[in-house]
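A.B. asks: Sharing a structure with you now.
Taken together, the values in this text are just the output of simple stated rules run on the coordinates, not laboratory data. Since the model is a prediction, treat every value here as computed from it, not as a measurement. Glycine also receives a Cβ, built like all others from the backbone with ideal geometry; neighbour counts cover every protein chain displayed.
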Amino acid sequence: MAMKRTTSLITDFDNIPVAALVPEDEQPYEIPAHWKWVRSGKAVSFTGGGTPSKRDPAYWGGEIPWASVKDLGFDTISCTVDRITESGFRNSSAQLAEPGDLIVATRIAPGVSAITEIATTINQDLKIARSEVVLAEFLKVNFDANFQWFSNHASGTTVMGVTLQKLHDYPLPLPPIDEQKAIVEKLRAANQKIDDVLERLDHFLEEFPQKQFTLVQALLAGYGSANYKDDPPKAWKVEPLGKILRVSSGKGLTAREMHPDGGVPVYGGNGVTGYHDQACYPAGTIAIGRVGYYCGAVHMSKEECWVTDNALVARFNEHEIDKDFLYHLLAHTNLRVNTSSSAQPLISGKKIYDIEVQIPPLEVQKSITADIERTVGRLVKVESAVEQTREMLLSTRSVLRQKALRGIS
């Protein structure tokens with residue numbers, strides 16, 4: 001299906017008609033004197049697509065890529081989720097974008113765009129953007145930097161979208177092509193460096209929970225003790241859990257029976273699930289997820305609480321076992337080791353009592369707990385610093401983009 005061509009588009013940067021320019025009082029910000037503020041509809045053609053009938057299976061599952069908003073998750077499109085047949089293409093208003101074309105969403109996620117690396121058809125929520133005076137990469141930089149413009153100009157009741165007329169009115173700062181190329185290359189180089197660092201930071205954050213978990217396990221095993229020599233230290237005991245604690249189910253309480261305005265936290269299999277106006281357990285209660293996905297998850301209340309029957313409550317001798325040490329020990333022990341993999345996971349005292357753990361003297365337990373809290377505190381600060389660095393890099397990318405569109409080196 002042939003694409004319609006707009007004949008009134010700007011084709012020469014040095015001969016831009018006055019009607020294509022954005023009036024001075026409507027120009028968003030100052031740009032270099034030799035740049036021009038133009039309406040995007042005067043410099044860029046926007047062509048929408050369509051969807052073959054979903055009622056005819058002969059139109060779908062073919063060899064022709066068919067892009068929709070769900071294919072705009074990256075800066076480029078190398079494949080599409082859906083594909084249509086030649087018959088589906090011929091019998092619909094779907095349009096074909098060529099490699100190198102910019103595709104921008106006008107509905108569902110207005111302003112989100114990607115440059116296609118493949119020939120692909122598009123649906124009605126997208127537009128193919130083409131121009132003789134604006135590079136596709138430069139136009140994408142504009143749209144990425146001005147995502148808020150699309151949000152401000154979108155309308156709709158259930159699905160938000162920007163009309164074609166609004167898109168035509170979009171104010172576009174336009175430098176000569178050679179400067180556009182330089183800006184795109186400069187931003188590409190800067191973004192590559194930023195992406196490389198972000199990748200390393202994301203890798204660190206992805207592995208961080210497991211590394212913290214492993215470190216706490218090492219401290220629980222005594223590797224942080226100044227006199228650690230043996231495995232385990234001679235003064236330590238290897239005991240089955242059943243010798244140091246007993247467990248019993250919490251008290252039944254449905255969501256309907258809770259009092260949301262109450263200040264008492266209600267613990268279920270995965271921590272606090274709601275609030276109630278009564279407590280049935282003291283502060284410092286250790287609750288263990290009993291059934292389902294969160295079976296074996298361990299939580300300790302900071303205040304008086306209610307524990308439902310989706311969790312087990314641990315009882316132990318506080319003259320022999322430090323409460324905080326026991327919490328960390330249980331949280332870093334695989335309590336699901338004896339659960340069945342074929343049925344819904346379920347733990348009980350019978351299934352965890354035989355699990356062996358290392359128990360140091362009470363004073364050493366307290367020392368280890370202090371080491372864990374100190375170490376975890378430091379690790380949390382490191383994690384926070386990495387997250388802040390990540391946000392700073394994302395902000396830097398945005399600042400560089402905004403400066404580039406203002407002609408600021």
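A.B. asks: Using a simple spin-label model with points 7 Å from Cα along the Cα→Cβ vector, what separation in nm is obtained for Tyr353 and His34?
C.D. replies: It works out to 8.7 nm between the two label points.
A.B. asks: Let me ask something else about it. Using the Kirkwood formula over every pair of different C-alpha atoms, what hydrodynamic radius in Å results for the chain? Each step should come with its number before you reach the end.
C.D. replies: Details: mean 1/r = 0.0373 Å⁻¹.
Value: 26.8 Å, from the Cα pair sum.
A.B. asks: Which longest uninterrupted range of the chain lacks any GluC sites (Glu not before Pro) assigned by DSSP to a loop state (not H, G, I, E or B) and surrounded by at most 14 other Cβ atoms within 10 Å? Before the final figure, lay out the partial values.
C.D. replies: Values: sites that count: Glu30, Glu117, Glu132, Glu257, Glu303, Glu318, Glu320.
Maximal segment without exposed cleavage sites: 133-256.
A.B. asks: Now for a separate question. For the chain, what is the percent of antiparallel DSSP beta bridges, rounded to the nearest 5?
C.D. replies: Working: 47 of 53 bridges.
Rounded to the nearest five, the antiparallel share is 90 percent.
A.B. asks: Here's a follow-up. From the P(r) of region 67-223, can you give the percent of Cα pairs sitting at distances over 25 Å? Provide the component values of the computation, followed by the final result.
C.D. replies: Values: 5639 of 12246 pairs.
In whole percent, the long-distance tail amounts to 46.
A.B. asks: For the chain, what does -39500 (n - 2.57) per DSSP helix run (n ≥ 4), summed and divided by total residues, give at 222 nm, in deg cm²/dmol to the nearest 500? It would help to have the intermediate numbers written out before the result.
C.D. replies: Details: 10 runs with 136 residues, N = 409.
Only helices count here, giving -10500 deg cm²/dmol.
A.B. asks: In the chain, if the dipole is taken from +1 on Lys/Arg beta carbons and -1 on Asp/Glu beta carbons about the Cα centre, which of Tyr223, Thr333, Ala43 is farthest to the positive end?
C.D. replies: Thr333
A.B. asks: Could you tell me whether region 237-359 comes out rounded, prolate or oblate from its Cα gyration tensor? Rule is a ≥ b ≥ c as square roots of the eigenvalues, rounded for a/c under 1.5, then prolate if a/b exceeds b/c, otherwise oblate. Kindly include the intermediate steps, with their values, before the conclusion.
C.D. replies: On the way: a/c = 2.50, a/b = 1.39, b/c = 1.80.
It comes out oblate by the Cα gyration axes.
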